[in-house]
1. Residues that are over 27 Å from C:L259 (Cβ atoms), at least 3 per element: which helices (runs of 4 or more DSSP H) completely within the range C:1-120 meet that?
2. Would a scan of the range B:94-102 turn up a residue that is part of a loop (DSSP other than H, G, I, E, B) and crowded, with 18+ Cβ neighbours inside 10 Å?
3. Could you check, for the range B:79-92, whether at least one of its residues is open to solvent by 50 Å² or more (accessible area, probe 1.4 Å), within 14 Å of chain A (Cβ to nearest Cβ) and either charged (D, E, K, R) or touching a residue at least 60 places away in the same chain (Cβ under 8 Å) (or both)?
4. Considering only residues that are farther than 28 Å from A:P294 by Cα and surrounded by 21 or more Cβ atoms within 10 Å (Cβ to Cβ), look in the range A:147-171 and name the one that is nearest to the chain's Cα centre (by Cα).
5. How many of the residues making up the range A:125-139 are open to solvent by less than 60 Å² (accessible area, probe 1.4 Å) and within 20 Å of A:T242 (Cβ to Cβ)?
6. Report those strands (runs of 3 or more DSSP E) wholly inside the range A:196-300 carrying at least 3 residues which are surrounded by 22 or more Cβ atoms within 10 Å (Cβ to Cβ).
7. Can you confirm whether B:A71 is at pLDDT 95 or above and surrounded by 23 or more Cβ atoms within 10 Å (Cβ to Cβ)?
8. Just to be sure, is C:A251 facing chain B (nearest Cβ under 9 Å) and small (G, A, S)?
Amino acid sequence: MRTRSLTLAAGLATGALVLAGCGGDDSGSGGSETEPTVAEAPEFAEGTTMAEIAEAGSMTIGTKFDQPGFGLQGLDETPDGFDVRIAEYIAGQMGIAPEDITWTEAPSAQREELLENGDVEMVVATYTINDERRERITFAGPYYVAGQQILVASDNDVIAGPEDLADNPDQVVCSVTGSTPAENIREYLASPGQLVEFGIYDDCISALDNGQVQAVTTDNVILTGFVAGSEGAYKLVGEQFTEEPYGIGIEKGDVEFCEFVNEALQEAADSGYYEEAWTATAGQFEGTEVPDLPEPDECV
Amino acid sequence: MEPVLDNLDLYVSGFWRSLEIVLWAAAGSLALGILLAAFRVSPVPVLQRLGALYVATIRNTPLTIVLFFFAFGVPAAFGVTWDFFALGTVGLVVYTAAFVCESVRSGVNAVDAGQAEAARALGLTFRQNLSLVVLPQALRTVVPPTGSVIIAMIKNSAVVGAIGVSGDLFSAYRRMASALGYERLPSIAGTAVGFLVMTLTAGAILMVVERRMAVSR
Amino acid sequence: MSAPTPVLFDELGPRGRRRVRVATGVAAVLIAAVVVAAVLRLHERGQFDAALWAPLLDPRTEEFPLVWQRLGRGAAWTVVLGAAAMVLSLVIGVVIAVARLSLPTAGRIPLIGVVELLRGLPVVVTILLVSVALPAVGWDSGPQWALVIGLTLYNCVIISEILRAGVLAVPRGQVEAGSAVGLTRGQVMRGIQLPQAFRSMLPALISQLVVILKDTALGAVVLTGLDDLARQGLQLRTVLNNGLQTLLVVAVIYIAINLVIGRLAVVLERRLSRSRSTSPEVEEAEQAVRA
């Protein structure tokens with residue numbers, strides 16, 4: 001079973017190691033074919049966030065460091081994934097090259113806080129748009145719609161969907177502390193003890209390998225990454241039972257910035273960058289399809 | 001504090017879950033700690049060294065590392081399939097036992113050598129010596145520091161919540177603050193109060209016990 | 001400071017020695033059996049595979065320099081954060097100890113309240129509280145300061161208790177003698193009581209400093225953005241996919257750092273005892289106490 005993890009790690013780390021191999025400079029997604037276009041001296045209206053960022057020549061972005069395919073930090077400490085590529089494109093539209101981006105880890109529990117404190121200008125971190133979060137921050141996008149699913153070992157024929165959890169209280173399910181999926185799955189459980197929560201999905205997968213939990217639940221795209229690397233050790237079961245539109249978190253009420261981000265996303269889709277970024281990252285996992293950019297929500 | 005009061009059941013159930021961890025860990029670490037202390041005062045050099053090695057290793061390793069080691073390193077390496085409540089508790093026991101061992105050992109060593117000598121001179125056997133003369137006196141010097149070790153363990157049990165035990169006091173905070181979207185300050189304050197109730201109660205009990213024993217001296 | 005005089009048994013006679021030899025043999029066999037069983041189990045589960053250890057131990061691998069660059073930086077951060085918390089805790093601890101010993105009862109009560117509160121809270125919770133509270137009062141401190149301040153809040157209280165016990169253990173006669181020769185209360189505290197408290201409590205102080213260093217690892221559990229050894233270890237273990245091996249190496253680094261602190265303590269202790277002119281009886285008594 002450990003070979004599973006190793007293959008996966010190797011696969012995911014390859015990108016990072018290739019980077020590290022090229023002299024160890026922090027050139028972001030250097031070497032990949034999806035280099036974001038960096039606008040030269042873009043013009044923005046005085047006083048907007050875009051003007052401030054372009055003026056500063058650098059920006060700080062929050063992302064996940066442990067999400068295969070979306071934001072995963074390799075040995076050399078630069079994250080890569082679909083979220084990272086999308087963020088790089090938006091930054092490029094403001095004249096910020098990938099090497100001028102400072103990446104900050106944005107775990108599920110602290111994303112609103114990072115924006116409220118002004119620690120980051122933007123959070124792109126598999127960040128589900130919902131109303132509670134809208135009270136504290138503004139979302140641009142969505143740029144992708146995921147759905148929650150369940151992953152089990154291939155030989156598990158007990159769990160075929162979330163409904164089977166309540167009838168099988170000995171089947172323990174794992175998710176990440178304080179995440180939306182952890183909250184969503186609660187209503188399907190026989191008792192609260194049937195849920196185990198860790199800080200990162202990697203630990204859930206280890207627990208599955210060790211037989212300490214029997215299922216892992218989170219958004220399908222993340223699980224697909226684990227299934228792809230498992231050489232048939234895991235499978236996804238049941239339909240997606242939620243809809244998770246991923247948005248880009250920015251400071252609350254910054255409508256101009258929000259609209260700018262939405263335009264940037266549209267340009268990314270039109271120019272083919274969106275598709276290339278997907279194919280180079282999360283799209284590498286078997287069983288994923290190239291998504292279409294969803295219609296943006298209204299900026300509020 | 002309103003968010004806490006609205007979700008009081010979350011904290012109350014968390015309190016009981018944490019108490020459960022604490023009681024198991026207290027029993028376990030006292031047992032293992034006393035065994036290790038016995039090793040260290042025994043006349044068998046191998047056991048002495050084993051005890052010393054254990055204490056030196058564990059005392060110099062951070063709790064975080066010990067707990068993660070038991071939660072993830074051990075199951076993967078040895079194929080253990082216990083749940084995380086058990087693994088977290090075992091980690092806490094392994095860590096705390098080193099400190100229990102040291103306080104017990106220093107208590108035994110603090111008994112005046114003349115006492116045991118006198119007992120032996122009177123013809124008491126090793127076992128009589130231990131149970132009638134040395135241990136009753138050692139107990140008095142052992143209880144206060146061991147009590148402090150146990151109180152420290154109660155506090156350390158908060159870290160167990162970080163490695164996958166769900167439903168304890170610390171994960172009550174996590175759930176409140178992230179998934180349910182409450183402000184972090186009141187959410188963590190609720191957890192803090194829960195632990196204060198536990199540690200202050202334990203402190204009060206310890207004080208009463210110490211006083212009792214002081215009187216009987 | 002050889003082994004303490006055994007309380008429980010005499011110098012062993014021939015029969016006792018034989019018994020000890022038997023017990024030693026049995027214990028050695030048991031220990032060896034456990035170790036062998038563990039090693040076999042680990043081997044069976046492939047835990048000695050080169051692939052799991054090489055990134056940590058083999059300088060020829062691609063990962064090795066990157067891994068050790070991160071572990072080295074982590075260790076440096078751990079030492080810096082630990083040292084900052086140690087210094088702050090010592091300074092504030094002295095202030096609290098003196099305040100508790102010299103304030104009138106009415107002034108002492110709120111202080112005791114705060115001390116008990118901080119002593120009763122888990123350090124993780126204190127660190128978390130600080131990290132949330134500081135930005136709320138307008139100081140965007142970052143995780144490093146939150147950790148240092150959180151650790152200080154807890155440990156300064158512990159250190160003040162240690163020092164207070166040390167001060168109270170100084171014989172009353174010395175204080176009276178000090179007053180008799182015309183020293184003020186402050187002078188007695190600074191010149192007579194505190195220096196002795198420091199010396200007599202040095203072992204306890206040192207073990208508390210080790211605790212501070214170890215507790216920096218708690219930051220990795222509740223704060224993000226830290227770069228210390230524990231954090232690096234927890235991240236590397238997922239990147240390298242070798243939980244057992246990485247955590248073992250990290251533990252060894254922590255133990256090494258703490259042993260260095262212990263070593264420094266011994267040197268310091270020697271310095272202190274050399275610089276003072278004590279009668280042989282005191283020295284002897286101290287030896288006994290330390291043993």
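The values are calculated or read from the model by the stated rules, or taken from the named source; none is laboratory data. Please read these numbers as outputs of a predicted model, since none were measured by experiment. Every residue, glycine among them, receives a Cβ derived from its backbone with ideal geometry; neighbour counts consider all protein chains shown. Keep in mind that these areas ignore ligands, DNA and RNA; they rest on the heavy atoms of the full protein, side chains included. Shrake-Rupley method; radii C 1.70, N 1.55, O 1.52, S 1.80 Å.
1. Helices (runs of 4 or more DSSP H) meeting the threshold: C:14-44, C:63-102, C:105-120.
2. Looking through the range B:94-102, none of the residues is part of a loop (DSSP other than H, G, I, E, B) and crowded, with 18+ Cβ neighbours inside 10 Å.
3. Yes, that holds for at least one residue.
4. Among those residues, the one meeting the criterion is A:V152.
5. Summing the residues that are open to solvent by less than 60 Å² (accessible area, probe 1.4 Å) and within 20 Å of A:T242 (Cβ to Cβ) in the range A:125-139 gives 9.
6. A:215-219, A:244-251
7. No, not satisfied.
8. Yes.
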